[in-house]
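Peer 1: Okay, here's the structure, questions in a sec.
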There are 4 protein chains.
Amino acid sequence: MPTFHEAQTSVIELAHFAASRGWLPATSGNLSVRVTDHPLQFAITRSGADKSRLRPEDVLLLDADMRVQGDGPYKPSAETTVHVALYQKFGCGSILHVHTVYNNLVSELYADQGFVEIRAHELVKALGHWEEDAVVRIPIVPNWADLPRLGSAVAEAARVDVPAVLVRAHGVYAWGDTPDDARRHLEAVEFLCEYVYKLDLVRLARGLGAV
Amino acid sequence: MPTFHEAQTSVIELAHFAASRGWLPATSGNLSVRVTDHPLQFAITRSGADKSRLRPEDVLLLDADMRVQGDGPYKPSAETTVHVALYQKFGCGSILHVHTVYNNLVSELYADQGFVEIRAHELVKALGHWEEDAVVRIPIVPNWADLPRLGSAVAEAARVDVPAVLVRAHGVYAWGDTPDDARRHLEAVEFLCEYVYKLDLVRLARGLGAV
Amino acid sequence: MPTFHEAQTSVIELAHFAASRGWLPATSGNLSVRVTDHPLQFAITRSGADKSRLRPEDVLLLDADMRVQGDGPYKPSAETTVHVALYQKFGCGSILHVHTVYNNLVSELYADQGFVEIRAHELVKALGHWEEDAVVRIPIVPNWADLPRLGSAVAEAARVDVPAVLVRAHGVYAWGDTPDDARRHLEAVEFLCEYVYKLDLVRLARGLGAV
Amino acid sequence: MPTFHEAQTSVIELAHFAASRGWLPATSGNLSVRVTDHPLQFAITRSGADKSRLRPEDVLLLDADMRVQGDGPYKPSAETTVHVALYQKFGCGSILHVHTVYNNLVSELYADQGFVEIRAHELVKALGHWEEDAVVRIPIVPNWADLPRLGSAVAEAARVDVPAVLVRAHGVYAWGDTPDDARRHLEAVEFLCEYVYKLDLVRLARGLGAV
């Protein structure tokens with residue numbers, strides 16, 4: 001497991017990666033890397049930071065009760081509840097939460113069904129599905145204003161074989177054993193959300209209905 | 001409040017940010033940061049400057065009558081009237097005016113209604129609305145050729161709780177207490193305009209009508 | 001007027017600008033800056049160069065008969081005929097020819113009509129139209145395989161008050177008195193092509209017909 | 001022909017180019033440059049590498065049986081079978097395999113027909129077709145899970161006059177005599193896929209049917 005300093009550096013690299021793609025608009029989103037397991041401690045971006053200009057002091061060390069370890073003027077993001085719930089369920093090593101237009105569109109368009117299904121697409125391999133004819137369902141949960149409830153909803157909906165959950169008209173949580181795994185999962189989900197939206201659009205125009 | 005030199009540096013940073021996203025095409029747009037309140041003075045990009053290559057001398061110090069303070073060959077933009085009107089109404093610290101395809105599309109599509117409504121979307125928090133079920137209406141005004149009239153129209157339409165106004169087939173004005181606040185508001189509005197357009201498109205294709 | 005060396009530097013800067021936006025795909029496009037008027041000489045990108053990696057030797061000095069002035073292994077682009085025709089008609093200082101998906105789409109969708117009309121849009125100011133209710137028609141010509149014929153067709157269609165011509169399913173020529181003017185005109189045309197396409201799409205989905 | 005070291009450098013440059021455009025999401029895709037012909041040896045990206053951060057040791061030297069030449073901890077990608085099949089059929093110098101939303105969309109929308117046809121478009125010149133009224137058909141093959149079968153299918157579908165094959169809901173293979181040729185072909189195919197999708201969409205909205 002990484003030291004806090006190593007986790008802090010990883011969070012800054014992840015922020016640079018996601019911000020350069022425009023996935024953290026208007027200081028939204030938060031990114032974390034686990035430091036210890038028992039008791040749980042993790043490094044996470046503070047509330048309100050502009051991730052395109054993230055400094056080391058913008059990355060906090062928190063415990064499972066969202067208490068900041070060490071000094072400093074900054075507060076954790078209220079959405080940290082979701083990170084805690086996912087770390088406790090999966091014991092994963094890194095969690096990324098971003099807002100994009102395409103994950104927002106898919107989360108809204110498939111909200112009633114509770115999931116979006118990806119079928120017969122190569123990139124499900126990047127989500128860990130190498131079997132032929134793999135079908136992947138990414139869960140979609142309501143955007144509960146109560147953040148402990150949102151944390152529970154994401155963790156309950158999360159499946160062990162699909163490392164991402166969409167929150168309706170809000171964004172996505174993606175995770176992995178390492179920061180690189182989390183990043184790969186997130187890139188795959190973003191690609192697939194753009195693909196699903198654009199394929200639905202042309203299929204509807206053709207009169208075939210959405211995928 | 002910042003010195004003129006500090007405000008000038010902020011304007012250059014804001015120009016770098018907005019130009020890197022392509023939000024200031026064809027030397028359009030203008031960006032300002034307030035220096036003093038009584039009497040009003042603010043730093044603003046000059047008319048016709050390419051913001052991707054902005055130099056300190058491209059940022060002018062103006063007063064409420066749009067007179068340039070100090071020497072130099074450059075004129076203020078005629079749209080400075082809108083900045084003056086907004087500073088006088090809100091006492092805000094920074095105003096950003098940019099042109100994007102998505103804010104243009106939304107301003108055109110919802111012009112007759114006079115506003116575009118954002119409902120049940122997470123990013124309204126970035127506009128200052130943290131209440132559950134928040135509904136935000138961003139005003140849309142006609143693109144008056146008479147610029148004092150445009151300034152009045154924007155200032156009259158502007159609501160204290162929504163830090164942005166769309167001008168039809170022209171662009172957006174967004175503001176905030178600080179340059180960072182104005183930038184966060186602008187990023188949120190741009191995200192929401194792209195989202196509204198793309199959601200409308202697929203909903204129309206589904207036969208459901210626009211949002 | 002610039003020296004050849006200055007014009008060469010301007011061409012390299014223009015190539016950097018246009019390539020960074022993806023407007024010169026697959027070594028396509030060509031960019032020129034006039035050096036002398038009588039007789040006409042201009043600096044222009046050579047045939048087949050990758051503009052994202054342009055070197056000084058990739059910029060040739062040509063005369064009105066497309067003869068290379070000076071030594072070097074490289075040939076001019078066959079499309080240089082269009083540059084000659086435009087320089088001779090307008091005496092302008094710089095010409096930019098790029099290929100983008102949106103200018104291609106608009107050139108195809110409005111080909112039968114022979115022009116695309118821009119009405120009630122702020123960015124026509126960047127094309128030199130500051131009058132209220134300005135209407136700008138950008139001509140569209142067939143993509144003649146015979147390049148002297150293409151040069152004549154572009155120059156004939158070109159209007160003194162609209163500094164751009166679209167070539168069907170091919171690209172755009174935009175020009176100006178200086179490299180900065182040409183660049184501003186090109187940025188405005190590209191913005192407007194994307195806007196026209198996306199507005200047409202949603203208006204068609206609404207059942208209103210294209211603009 | 002290049003040395004392995006030169007080919008390795010070319011692969012890293014190609015990876016930088018394609019990753020900067022977002023064409024290698026989630027560690028997908030692979031890029032190769034031939035070193036020798038008889039027996040065949042080529043430099044290729046290893047399995048699972050993030051191409052935006054490619055290091056020299058991520059580029060392997062392989063033979064026609066996909067055996068790694070030299071030491072090192074890394075495995076070749078299973079998709080290397082397709083590279084071998086194309087090198088053996090065409091004797092080309094470089095092969096690029098990338099995943100993009102637009103090549104995925106076109107591969108899905110035209111899968112039943114087995115090809116997508118490009119007609120009356122300037123950029124077919126970048127694919128080597130300079131004749132007037134050129135028509136180019138880019139083949140589309142099923143995404144066989146069995147990778148030797150995929151290699152055979154791509155090589156069988158590949159035409160000597162069209163340097164690219166689409167794999168359904170997976171990606172594209174493009175090749176050329178040199179790395180620059182392969183890159184030019186790939187850029188042209190990506191441009192054309194985006195164009196075909198967006199033109200189909202508006203034509204369907206107009207009620208005209210796809211191209």
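The values are calculated or read from the model by the stated rules, or taken from the named source; none is laboratory data. Since this is a predicted model, take the numbers as computed values, not measurements. So basically every Cβ, Gly included, is an ideal-geometry build from the backbone, and we count neighbours across all protein chains shown. We work out accessible area using only protein heavy atoms, side chains counted, and drop any ligands, DNA or RNA first. Shrake-Rupley method; radii C 1.70, N 1.55, O 1.52, S 1.80 Å.
Peer 1: Criterion first (within 14 Å of chain C (Cβ to nearest Cβ), of a type in the set (Val, Ile, Thr) and buried (at least 22 other Cβ atoms within 10 Å of the Cβ)) does D:Val124 satisfy it? Steps first, please.
Peer 2: On the way: within 14 Å of chain C (Cβ to nearest Cβ): yes; of a type in the set (Val, Ile, Thr): yes; buried (at least 22 other Cβ atoms within 10 Å of the Cβ): no.
Considered against the rule, which asks whether it is within 14 Å of chain C (Cβ to nearest Cβ), of a type in the set (Val, Ile, Thr) and buried (at least 22 other Cβ atoms within 10 Å of the Cβ), D:Val124 comes out as no.
Peer 1: Moving on. Of the conditions (1) open to solvent by less than 10 Å² (accessible area, probe 1.4 Å); (2) over 15 Å from B:Lys125 (Cβ atoms), B:Val189 clears all except one; give me its number.
Peer 2: Failing condition for B:Val189: (2).
Peer 1: Scan (1) facing chain D (nearest Cβ under 10 Å); (2) open to solvent by less than 20 Å² (accessible area, probe 1.4 Å) for the single condition A:Leu204 breaks and write down its number.
Peer 2: Condition not satisfied by A:Leu204: (2).
Peer 1: Now for a different question. Name the single residue that is farthest from C:Gln41 (Cα to Cα) among those in segment C:58-111 being of a type in the set (A, V, I, L, M, F, W, C) and out of contact with any helix residue (DSSP H, G or I) (no Cβ under 8 Å at 6 or more places or on another chain).
Peer 2: C:Ala111
Peer 1: Can you name the residue in segment D:159-173 that is within 14 Å of chain A (Cβ to nearest Cβ) and out of contact with any Leu (no Cβ under 8 Å at 6 or more places or on another chain) and, of all such residues, is nearest to D:Glu13 (Cα to Cα)?
Peer 2: Taking segment D:159-173 and keeping what is within 14 Å of chain A (Cβ to nearest Cβ), we get D:166-173.
Now drop any that are not out of contact with any Leu (no Cβ under 8 Å at 6 or more places or on another chain), which leaves D:166, D:168-171.
Details: D:Leu166: 23, D:Arg168: 27, D:Ala169: 26, D:His170: 23, D:Gly171: 20 Å.
Per the criteria, the residue is D:Gly171.
Peer 1: Identify all residues within segment A:62-79 that are surrounded by fewer than 22 Cβ atoms within 10 Å (Cβ to Cβ) and of a type in the set (Gly, Ala, Ser); write none if there are none.
Peer 2: Residues satisfying the conditions are A:Ala64, A:Gly70, A:Gly72, A:Ala78.
Peer 1: Out of B:Ser47, B:Ser28, report the one residue that is touching a Leu at 6+ places or on another chain (Cβ under 8 Å), within 14 Å of chain C (Cβ to nearest Cβ) and within 27 Å of C:His16 (Cβ to Cβ).
Peer 2: Only one candidate passes the filter, namely B:Ser28.
Peer 1: Answer yes or no as to whether D:Val135 is open to solvent by less than 10 Å² (accessible area, probe 1.4 Å) and touching a strand residue (DSSP E or B) at 6+ places or on another chain (Cβ under 9 Å). Before the answer, list the steps.
Peer 2: On the way: open to solvent by less than 10 Å² (accessible area, probe 1.4 Å): no; touching a strand residue (DSSP E or B) at 6+ places or on another chain (Cβ under 9 Å): yes.
The answer is no for D:Val135.
Peer 1: Can you say whether B:Asn143 is farther than 15 Å from B:Val82 by Cα, crowded, with 17+ Cβ neighbours inside 10 Å and in contact with a strand residue (DSSP E or B) (Cβ under 6 Å, 6 or more places away or on another chain), as far as the supplied structure shows?
Peer 2: When the stated conditions are applied, B:Asn143 does not pass them.
Peer 1: Suppose we filter C:Val11, C:Val33, C:Val59, C:Val82 for residues that are within 14 Å of chain D (Cβ to nearest Cβ), surrounded by 23 or more Cβ atoms within 10 Å (Cβ to Cβ) and of a type outside the set (S, T, N, Q); which single one remains? So that I can check it myself, show each step before the final result.
Peer 2: Numbers: C:Val11 fails: within 14 Å of chain D (Cβ to nearest Cβ); C:Val33 fails: within 14 Å of chain D (Cβ to nearest Cβ); C:Val59 fails: within 14 Å of chain D (Cβ to nearest Cβ).
It is C:Val82.
Peer 1: Taking segment A:20-35 as the search range and keeping residues that are more than 14 Å from the chain's Cα centre (by Cα) and among the aliphatic types (A, V, I, L, M), which one is farthest from A:Pro2 (Cα to Cα)?
Peer 2: Top of the filtered list is A:Ala26.
Peer 1: Condition (residue is farther than 29 Å from D:Ala188 by Cα and within 15 Å of the chain's Cα centre (by Cα)) applied to segment C:96-111: is it met by at least one residue? Spell out the reasoning first.
Peer 2: Here is the first cut: in segment C:96-111, the residues farther than 29 Å from D:Ala188 by Cα are none.
Looking through segment C:96-111, none of the residues is farther than 29 Å from D:Ala188 by Cα and within 15 Å of the chain's Cα centre (by Cα).
Peer 1: May I ask you to list the residues in segment C:1-42 that are among the small types (Gly, Ala, Ser) and within 21 Å of C:Glu187 (Cβ to Cβ)?
Peer 2: Answer for segment C:1-42, where residues must be among the small types (Gly, Ala, Ser) and within 21 Å of C:Glu187 (Cβ to Cβ): C:Ala7, C:Ser10, C:Ala15, C:Ala18, C:Ala19, C:Ser20, C:Gly22, C:Ser28, C:Gly29, C:Ser32.
Peer 1: Between a residue in segment A:123-135 that is in contact (Cβ under 8 Å) with a residue 24 or more places away in the chain and any residue that is in a loop (DSSP other than H, G, I, E, B) and open to solvent by 90 Å² or more (accessible area, probe 1.4 Å), which pairs come within a Cβ distance under 8 Å, given they are 6 or more apart or on different chains?
Peer 2: Matching pairs, first to second residue: none at all.
Peer 1: Taking D:Gly93 as the residue in question, decide whether it is on the phi > 0 side of the Ramachandran plot and modelled with pLDDT of 95 or more.
Peer 2: Answer is no for this residue.
Peer 1: Which members of segment A:7-35 meet the condition of being farther than 15 Å from A:Asp177 by Cβ and in contact with a strand residue (DSSP E or B) (Cβ under 8 Å, 6 or more places away or on another chain)?
Peer 2: Initial filter on segment A:7-35 (farther than 15 Å from A:Asp177 by Cβ): A:8-9, A:11-13, A:15-31.
A:Gln8, A:Val11, A:Ile12, A:Ala15, A:Ala18, A:Trp23, A:Leu24, A:Ser28, A:Gly29, A:Asn30, A:Leu31, listed by residue number.
Peer 1: Out of the residues in segment D:99-121 meeting the condition of being within 14 Å of chain C (Cβ to nearest Cβ) and not in a loop (DSSP other than H, G, I, E, B), tell me which one is most open to solvent (accessible area, probe 1.4 Å).
Peer 2: Our first condition is that a residue be within 14 Å of chain C (Cβ to nearest Cβ); within segment D:99-121, this holds for D:100-103, D:105-106, D:117-121.
Keeping just the survivors that are not in a loop (DSSP other than H, G, I, E, B) gives D:101-103, D:105-106, D:117-119.
Values: D:Val101: 12, D:Tyr102: 35, D:Asn103: 0, D:Leu105: 0, D:Val106: 1, D:Glu117: 51, D:Ile118: 10, D:Arg119: 149 Å².
So, considering only residues that are within 14 Å of chain C (Cβ to nearest Cβ) and not in a loop (DSSP other than H, G, I, E, B), the one most open to solvent (accessible area, probe 1.4 Å) is D:Arg119.
Peer 1: Within segment A:145-199, track down each residue that is assigned to a loop (DSSP other than H, G, I, E, B), of a type in the set (Asp, Glu) and touching a residue at least 40 places away in the same chain (Cβ under 8 Å). So that I can check it myself, show each step before the final result.
Peer 2: Step one: list which residues in segment A:145-199 are assigned to a loop (DSSP other than H, G, I, E, B), which gives A:145-146, A:158, A:160-161, A:163, A:168-170, A:177-178.
Still in the list and also of a type in the set (Asp, Glu): A:146, A:161, A:177.
Within segment A:145-199, A:Asp177 is the sole residue that qualifies.
Peer 1: Is it the case that D:Gly176 is of a type in the set (Gly, Ala, Ser), over 22 Å from A:Phe191 (Cβ atoms), within 14 Å of chain C (Cβ to nearest Cβ) and open to solvent by 30 Å² or more (accessible area, probe 1.4 Å)?
Peer 2: Working: of a type in the set (Gly, Ala, Ser): yes; over 22 Å from A:Phe191 (Cβ atoms): yes; within 14 Å of chain C (Cβ to nearest Cβ): yes; open to solvent by 30 Å² or more (accessible area, probe 1.4 Å): no.
It is false that D:Gly176 is of a type in the set (Gly, Ala, Ser), over 22 Å from A:Phe191 (Cβ atoms), within 14 Å of chain C (Cβ to nearest Cβ) and open to solvent by 30 Å² or more (accessible area, probe 1.4 Å).
Peer 1: Out of segment B:38-54, which residues are at pLDDT 95 or above and open to solvent by 50 Å² or more (accessible area, probe 1.4 Å)?
Peer 2: B:Pro39
Peer 1: Among the residues of segment C:179-201, which ones are closer than 28 Å to A:Leu201 by Cβ and either within 14 Å of chain D (Cβ to nearest Cβ) or among the acidic types (Asp, Glu) (or both)?
Peer 2: Those that are closer than 28 Å to A:Leu201 by Cβ and either within 14 Å of chain D (Cβ to nearest Cβ) or among the acidic types (Asp, Glu) (or both): C:Glu187, C:Glu190, C:Cys193, C:Glu194, C:Tyr195, C:Val196, C:Tyr197, C:Lys198, C:Leu199, C:Asp200, C:Leu201.
Peer 1: Identify, by number, the condition in (1) closer than 23 Å to C:Thr27 by Cα; (2) open to solvent by 10 Å² or more (accessible area, probe 1.4 Å) that D:Ala157 doesn't meet.
Peer 2: All conditions pass for D:Ala157, except number (1).
Peer 1: Given (1) touching a Gly at 6+ places or on another chain (Cβ under 7 Å); (2) touching a residue at least 24 places away in the same chain (Cβ under 8 Å), where does D:Arg203 come up short, assuming only one miss?
Peer 2: (2)
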